[in-house]
There are 2 protein chains.
Amino acid sequence: MPRRTPRSAERRLEILQSAAAAFRRRGYHGASVEEIARALKMTKGNLYYYFRDKQDILFGCHEYSLGVALELLERVEAEPLPPDERLRRLIAGFVHLIIDELHGTGLTLELEALPRPLWQKVVAKRDRFDRGLRKILQDGMDQGLFVPGDPKLLAFAIMGALNWISRWYDPRGEAHSDDIAASFADYLVAGLRTG
Amino acid sequence: MPRRTPRSAERRLEILQSAAAAFRRRGYHGASVEEIARALKMTKGNLYYYFRDKQDILFGCHEYSLGVALELLERVEAEPLPPDERLRRLIAGFVHLIIDELHGTGLTLELEALPRPLWQKVVAKRDRFDRGLRKILQDGMDQGLFVPGDPKLLAFAIMGALNWISRWYDPRGEAHSDDIAASFADYLVAGLRTG
DNA sequence: TACAGATTTGAACGATCGTTCAAATTTGGT
DNA sequence: ACCAAATTTGAACGATCGTTCAAATCTGTA
């Protein structure tokens, strides 16, 4: 019975972090439960005290990263700002989220490995984020700030540019998360602006 | 001894296509050699007549998709066009390449599963494409067509938006490849333009 | 210190998978 | 129709992996 003590909840988070890193590097099926455990100096049998099975760990990773992403979205939605400034903060915030909070893991983990019920929960949460982003785009178009276009396609383009960061970002590299956030926000908002 | 007859070369390509689809859906380690074979009504043992091992199949997938991508790049570079029009054609061409030629598989397949020597070959080819894209961006900035910025970061943003198509594109969906190509080219070039 | 519950261990299991290979079958040219 | 080469089969292997679990150990508290 985990999650009773505070220590246990911390341990769960550590496991999710180790798993997210392993899944990102090797893919869900390529990462072994043992290597997730070894990175924390645990044994693999021990992980089953905190999670039912490997799928449950993947589900936990998705829930966690989508959770912080939705928090960011809600924070941005709460501020009284015009759509262009909203979008800029969402993009910059998402860059920081991927790099500084999720340590390189974005919303890129595999979904197909999850059984239907868990898959649906994750997809529903992801769709909430997508709809939030599309709404900002639509509002900008309605107010004449953004050039007309298909918000769905544009949201995909933005999410692709952002999530792709997981594939090339190297914490030892030269690019600092502030620079990336500013560059991406500039570029991806500028492409929408009217005259 | 494969590849002697024309039939054999075709078979090799069919295997690469089936494998690319399987790798995209399930990931390299999640896709089994048997399911790659079954989609072609072959037995898994038979694949080993055409490829040394599973890694060799993944390598073949990378070589093929990077090959057509580099062909596109060279075609675009050969035309006497200003950088903005060059970029537009490269982006639109890449969308068509992912959707129509690679059937949904972009440059998204896993690299980490490859042994060092093969990995280096693939990375070298990928870098050639990246450098080509960055050069177009740099030329545009030098000519005052594009706003100044870090070509490396901007190239990552563009490649992310494009490769992410593999994750959401559904051939049964509403979005046609022409629409996507036009939207993406418009958006991603507009973000660079000066006044 | 003693005890109950929380946590960890380590070995064992069944299943899946990549790979091999000798034998069988098919193919195309003469 | 015959033959040599090309291709396919199907069974078998060893290795890896996810999962289970009874026993051992640790932790906080009375």
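In nm, one decimal, shortest first: how far is the label point of B:Pro82 (7 Å from Cα along Cα to beta carbon) from the matching points in the other copies?
2.8
Give the average, rounded to an integer, of partner chain Cβ atoms located within 10 angstrom of each Cβ in A:176-182.
Average neighbour count from other chains, rounded to a whole number: 1.
With solvent modelled as a 1.4 Å probe, how much accessible area in total do chains B and A shield from it at their shared surface, in Å² to the nearest 100?
When B and A are taken together, about 2700 Å² of accessible area is lost.
How many percent of the accessible area of the protein assembly as shown is carbon or sulfur, using a 1.4 Å probe?
Answer for the protein assembly as shown is 50 percent, counting heavy atoms of protein chains only.
If you average the sequence gap of Cα pairs under 8 Å that are 6 or more apart and divide by the length of chain A, what percent do you get for the contact order?
Once normalised by length, the contact order is 24 percent.
For chain A, find the longest principal axis of its Cα atoms and tell me its angle to the long axis of helix A:151-163, 0 to 90°, nearest 10.
The angle comes out at about 50 degrees.
222 nm [θ] for the protein assembly as shown, helices only, -39500 (n - 2.57) per DSSP H run of 4+, per residue, to 500?
Theoretical 222 nm ellipticity from helices: -21000 deg cm²/dmol.
Per residue of A:23-35, how many C-beta atoms from partner chains lie within 10 Å of its own C-beta, taken as a mean?
3
Could you work out how far helix B:6-26 tilts from the main Cα principal axis of chain B, as a 0 to 90 degree angle to the nearest 10?
70
Inside 10 Å of the C-beta atoms of B:103-110, what's the mean count of C-beta atoms belonging to other chains?
Neighbouring Cβ atoms belonging to other protein chains average 1 per residue here.
Anything losing 50 Å² or more of accessible area from the isolated chain to the full protein assembly: pick those residues out of region B:153-168, probe 1.4 Å, ligands and DNA/RNA ignored.
B:Leu153, B:Phe156, B:Ala157, B:Trp164, B:Arg167, B:Trp168
How much accessible surface does B:Lys135 have with a 1.4 Å probe, in Å² rounded to 10?
The accessible area of B:Lys135 comes to roughly 110 Å².
With the crude spin-label approximation of a point 7 Å out along Cα→Cβ, what separation in nm comes out for B:Asp100 versus A:Asp150?
1.5
Keeping all protein chains in place, calculate the accessible area per residue for the protein assembly as shown (probe 1.4 angstrom), answer in Å².
Heavy-atom SASA per residue in the protein assembly as shown reads 50 Å².
Expressed as an acute angle from 0 to 90° and rounded to the nearest 10, what is the orientation of the C-alpha long axis of helix B:54-78 relative to the principal long axis of chain B?
That works out to roughly 30 degrees.
Restricting things to Cα coordinates, could you compute the convex hull volume per residue of the protein assembly as shown in Å³?
Taking only Cα atoms, the protein assembly as shown has a hull volume of 163 Å³ per residue.
Treat chain A as a sphere of radius equal to its Kirkwood radius over Cα pairs and apply Stokes-Einstein at 4 °C in a medium of 1.567 mPa s; give the translational diffusion coefficient in µm²/s, rounded to a whole number.
Answer, rounded: 72 µm²/s.
Every other copy gets compared here: list the nm distances from the A:Ser8 label point (7 Å along Cα to Cβ) to its counterparts, shortest first, one decimal.
Between copies, matching label points for A:Ser8 lie 6.2 nm apart.
Determine the order of A:Glu79, A:Glu110 by accessible area, beginning with the largest, at a probe radius of 1.4 Å.
A:Glu79, A:Glu110
Say the dipole of chain B comes from +1 at the beta carbon of Lys and Arg and -1 at that of Asp and Glu; which of B:Ile36, B:Ala20, B:Val122 then lies farthest toward its positive end?
Going by the charge dipole, the pick is B:Ile36.
For B:Arg193, what residues show an amide H to amide H distance below 5 Å, using hydrogens built from the backbone and excluding near sequence neighbours?
When sequence neighbours closer than 5 places are left aside, the close amide H contacts are B:Val147.
The values are calculated or read from the model by the stated rules, or taken from the named source; none is laboratory data. All of these numbers come straight from a predicted model, not from anything done at the bench. Note that we place each Cβ from the backbone using ideal geometry, even for glycine, and neighbour counts take in every protein chain shown. To get the accessible areas, we keep the full protein, side chains included, count just its heavy atoms, and leave off ligands, DNA and RNA. Shrake-Rupley method; radii C 1.70, N 1.55, O 1.52, S 1.80 Å.
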